[in-house]
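In what follows, a single structure is set out as structure tokens and then discussed.
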Amino acid sequence: MQDNTLLQMRHIEKRFPGVLALNGVDFTLRKGEIHALMGENGAGKSTLIKVLTGVYQMDGGQITLDGKSITIHSPQDAQSQGISTVYQEITLCPNLTVAENMFIGREDGAWVRHKLYEKRADEILAKLGIPARSSQQLGDCSLAVQQMVAIARAVDQKCKVLILDEPTSSLDDKEVKMLFDLMRNLKSQGVGIIFVTHFLEQVYEVSDRITVLRNGELVGEYLTEQLPQVELVAKMIGKELDELSSLKEAPEGEEEEKEVFYEAKNLSSSDAMPFNFSIRKGEVNGFTGLLGSGRSECVRAIFGADKVTGGSTFIKGKQISVTRPIDAMKSGIGYLAEDRKRDGIIAELSVRENIILALQVMNGFFKPISRSESEAFADEYIKVLNIKTASKETPVGSLSGGNQQKVILARWLLTHPDYLILDEPTRGIDVGTKLEIQKLVLKLAEDGVSVTFISSEVEEMLRTCSRLIVMRDRHVVGELKGQDLNQEQVMKTIAGGEAQG
Amino acid sequence: MKKNTKSFFQGGLGQLTIPLIAIALLVLFNLIRDPGFFEIGITHNNDGNIVLAGNLISIINGASELAILAMGMTLVTAACGGQDISVGAAAAIAGSTFVKILKSAPEINGGIVVLAFLCACIVAMLFGAFNGTLVAVFKIQPMIATLILYTCGRSIAYWINGGATPTISSPIISALGSFIPGIPVPTPVLIVVCVTILFKLLFHFTSLEIFTQSVGINQSAARLNGINATFIKLLSFIILGVCVAIAGSIGVSRLGLINHETLLIDVEMDTILAVAIGGNSLGGGKFKISGSIIGAYVIQMLTTTLYAMKVSSTDVKAYKAIVIVLLVVIGSPVIKAKFGKLMEKVRGRMQESAAKGA
């Protein structure tokens, strides 16, 4: 068994001011193995990976690769020793071409001439089945393709250990399949793959072994086939096992009586085709469809985030004009954007400042929220939403993804919206926080807030929404509620009338 | 990742550490070189007023225009992630306007001075709005946008007074430029205090600070939170315009004349430096006005120290550059991160030994 070991991490310790992020964690990766690294936010997954890739220096412990003890000084160093990473958030340059992105900053890419490496890039792309041309600007590709280019880049650098940090969070099912095929292919060549994800089904589909971390400590290492899914979740969150299934059995039927809170007729924007939409008071509905089907574009039009080009909008039957986000906010609409890093957090500002931001904007330029008031708000929401932060003055950028998301949720809750739009609020965050957010959505609806919920996980939407608007190719193609609200029906509607195997 | 290290570091050590250490070192150096360097004397000036005098006073006094400009520049830098290089030229325009109004009055009294200053303000704000529009609406890089006014500003100043360099002699103007009878502190210093207080009030009674930082750090997110980024950027340039008018008027009052060619010449680079030395990121985002003010005094103290050491005025710039390179490198993210890691280690050791002790 031991000869098969590729990478061994022993008693890894990492300390941040005030926090012991990793406490004596062990991790073993074998050759030709897909090893899922699981845990909630703050469990230490990211830290462990950053130690392994040289972003952080460990404070204690030992790393052996191929039986040799190694030290990793920097990400470049890690790469040259054969440890490559594709991060959750894409870290390539959108203004360069695909080929340039694949070769930039690499020793073997430095002196290759344009035409040559474009050719080579095309070969790799074709081999991996990635729908992109090497001469294309990366920024013009969809998020999913950008992600795959990042993987192609890593794959091409003769790596022994490939780390995939949430690689599938922005891919649709077909692309996920493609990625898994690629992963299996690499596995058969003896590459060890560390797979970090929040999608449990994917773990079971592709991984051989699972290591679970919790609160910076090792819970255990298991063979995937010997660990039932429920048990895995229990190990990750350590409690609340039954709540996942018993969260909600949709209270059906009664919604109809409530008044329509918001309505859009033929609303269109620079990015969204005309569509009709309405939501009742206290209703939770959702847009579903594949990536790029136009679901985000619709809610962005509702919020005035993109340039509105036509149609009319009504609140409680009264026509309103929404051309900018502030108009929507003043009408009681809140919007949690899809891309947390780009459109959500103000990374260098504190948790406190991030929480009060939207309310401050609504109060206006000349009515600043006083320091003591803002501190009270921050304290309140840190407690209510259980935000894990060293203090309310900590820059929000240093929080984990799930906690950043909670900060933005707090920001919108503080404005006491009547209608809250949540675009992928649970993307890239752990099971525990996901559950908290889902519960919160239902609680808000109970209190009479209308919520539009968008998620790539259909199952999650079925659990929270009482009505689903299905989109395909930027058009609304169906609306499901009541008995039709099940996975099969959603899939069918998404896929449309086309013959499906 | 880089941001993480930075913020951890800043948690332990403030943004103001480096400028404050720089000041302390300069003071120490001067005290060793000449123990009497910072002595403050009390003398009678030409008008017979009792006034404070000495190197320290002249440093603080001399940095006044720079400090005021640096405050405005901090806002522009934070909001736009770039700098206005036309402040010197704009100050010449404002100063020329100031003089033009004073000259056209039959007699210079308090009212006329106020009027002249307000006119200078309006003109400078208009030019600020011009720069701001280029940057905020047309999305031109600040340095390129302000290059226009940098190039033509002093010509405009030349036209305002028909190419002349008129002098103004009035007790009010000389009081503004030097001392108000009965007050021993130079008037420009008092004006700096006033402007600082005005900025504090501005931050207290408006949301300018958080809006500016939000726009500077993440414009897209700021927009989706309803902040009008264009307005915030424009506003920062207009506020800098006010600072320019104040600095220009002080400059004119000091000399009692306007020389459009020499008034606050080369001040733009010192202003940007003051912002940088103050620990503010020239890429925009988080800022501290106090840092820029300290930065201005560091630069002035450095200049005065060099002159006191009998360095010739041609050589001063070179020596200044050496010190500034040191300051900027020490304040750079790379060194900060290294230092932050060192601090982390020290802290870890301390915790360990504390744990052992217990």
Of the residues B:281, B:249, B:253, which single one is of a type in the set (Ser, Thr, Tyr), within 14 Å of chain A (Cβ to nearest Cβ) and out of contact with any Pro (no Cβ under 6 Å at 6 or more places or on another chain)? B:281
Go through region A:73-86 and count every residue that is out of contact with any strand residue (DSSP E or B) (no Cβ under 7 Å at 6 or more places or on another chain) and either away from every other protein chain (no Cβ under 14 Å) or surrounded by fewer than 20 Cβ atoms within 10 Å (Cβ to Cβ) (or both). 7
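Determine whether residue B:227 is in contact (Cβ under 8 Å) with a residue 12 or more places away in the chain, part of a loop (DSSP other than H, G, I, E, B) and within 14 Å of chain A (Cβ to nearest Cβ).
Yes: the conditions hold for residue B:227.
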Please list, ordered by first then second residue, the pairs with beta carbon atoms under 9 Å, 6 or more apart or interchain, first in region A:482-493 and on the phi < 0 side of the Ramachandran plot and of a type in the set (Asp, Glu), second in a helix (DSSP H, G or I) and crowded, with 16+ Cβ neighbours inside 10 Å. A:484/A:490; A:484/A:493
Within region B:82-105, identify whether any single residue is crowded, with 21+ Cβ neighbours inside 10 Å, under 30 Å from residue B:323 (Cβ atoms), touching a residue at least 40 places away in the same chain (Cβ under 8 Å) and among the hydroxyl-bearing types (Ser, Thr, Tyr), and answer yes or no. yes
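Tell me, which residue of region A:46-71 that is polar (S, T, N, Q) and surrounded by fewer than 20 Cβ atoms within 10 Å (Cβ to Cβ) is farthest from the chain's Cα centre (by Cα)?
A:69
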Which numbered condition in (1) more than 30 Å from residue A:332 (Cα to Cα); (2) within 14 Å of another protein chain (Cβ to nearest Cβ); (3) crowded, with 22+ Cβ neighbours inside 10 Å is the only one that residue B:268 fails? (2)
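Which of the residues spanning region A:353-368 are hydrophobic (A, V, I, L, M, F, W, C) and either more than 14 Å from residue A:408 (Cα to Cα) or at the interface with chain B (Cβ under 7 Å from one of its Cβ atoms) (or both)?
Initially, region A:353-368 is screened for residues hydrophobic (A, V, I, L, M, F, W, C), giving A:355-359, A:361-362, A:365-366.
If the condition is that a residue be hydrophobic (A, V, I, L, M, F, W, C) and either more than 14 Å from residue A:408 (Cα to Cα) or at the interface with chain B (Cβ under 7 Å from one of its Cβ atoms) (or both), then A:357, A:358, A:361, A:362, A:365, A:366 are the ones that fit.
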Condition met for residue A:407 (surrounded by 23 or more Cβ atoms within 10 Å (Cβ to Cβ), farther than 20 Å from residue B:228 by Cβ, at the interface with chain B (Cβ under 10 Å from one of its Cβ atoms) and hydrophobic (A, V, I, L, M, F, W, C)): no
Total residues in region A:302-333, condition within 13 Å of another protein chain (Cβ to nearest Cβ), closer than 14 Å to residue A:419 by Cβ and not in a loop (DSSP other than H, G, I, E, B): 8
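Right, residue B:205: surrounded by fewer than 20 Cβ atoms within 10 Å (Cβ to Cβ) and on the phi < 0 side of the Ramachandran plot or not?
Yes, satisfied.
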Would you call residue A:208 in contact with a Ser or Thr (Cβ under 9 Å, 6 or more places away or on another chain) and without any contact (Cβ under 8 Å) to a residue 24 or more places away in the chain? no
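Which of the residues spanning region B:284-311 are on the phi > 0 side of the Ramachandran plot and within 14 Å of chain A (Cβ to nearest Cβ)?
Once the filter is applied, which keeps residues that are on the phi > 0 side of the Ramachandran plot and within 14 Å of chain A (Cβ to nearest Cβ), region B:284-311 yields B:284, B:285.
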Looking at (1) more than 28 Å from residue B:287 (Cβ to Cβ); (2) among the acidic types (Asp, Glu); (3) at pLDDT 95 or above, find the lone condition where residue B:47 falls short. (3)
Can you work out which of the residues in region A:336-352 that are outside any helix (DSSP H, G or I) and more than 7 Å from chain B (Cβ to nearest Cβ) is surrounded by the fewest Cβ atoms within 10 Å (Cβ to Cβ)? A:339
Do we find a residue being modelled with pLDDT of 90 or more, part of a loop (DSSP other than H, G, I, E, B) and out of contact with any Lys or Arg (no Cβ under 9 Å at 6 or more places or on another chain) anywhere in region A:443-456? yes
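To keep it simple, each residue is scored yes or no on (1) in a helix (DSSP H, G or I); (2) under 23 Å from residue B:58 (Cβ atoms).
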position	(1), (2)
B:146	yes, no
B:150	yes, no
B:153	yes, no
B:157	yes, no
B:162	no, no
B:172	yes, yes
B:182	no, yes
B:185	no, yes
B:189	yes, yes
Being in contact with a helix residue (DSSP H, G or I) (Cβ under 7 Å, 6 or more places away or on another chain) and assigned to a helix (DSSP H, G or I) is the requirement here; does residue A:408 meet it? yes
Anything in region A:35-60 that is away from chain B (no Cβ under 14 Å) and either over 30 Å from residue A:434 (Cα atoms) or assigned to a strand (DSSP E or B) (or both)? List them, or say none. A:35, A:36, A:37, A:38
Being in contact (Cβ under 8 Å) with a residue 24 or more places away in the chain and assigned to a helix (DSSP H, G or I) is the filter here, so list the residues in region B:324-346 that pass it. B:324, B:327, B:328, B:330, B:333, B:336, B:337, B:339, B:340, B:341, B:343, B:344
Kindly list the number of the only condition in (1) assigned to a helix (DSSP H, G or I); (2) farther than 24 Å from residue B:133 by Cα that fails for residue B:263. (1)
Name, by its number, the condition in (1) free of Cβ contacts under 8 Å to residues at least 12 places away in the same chain; (2) within 30 Å of residue A:486 (Cα to Cα) that does not hold for residue A:336. (1)
Going through region A:369-393 one residue at a time, which ones are buried (at least 17 other Cβ atoms within 10 Å of the Cβ) and within 11 Å of chain B (Cβ to nearest Cβ)? A:369, A:374
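The values are calculated or read from the model by the stated rules, or taken from the named source; none is laboratory data. Treat the numbers as computed from the prediction; the structure is a model and nothing was measured. Counting neighbours? That spans all protein chains shown, and the Cβs are built from the backbone with ideal geometry, glycine included.
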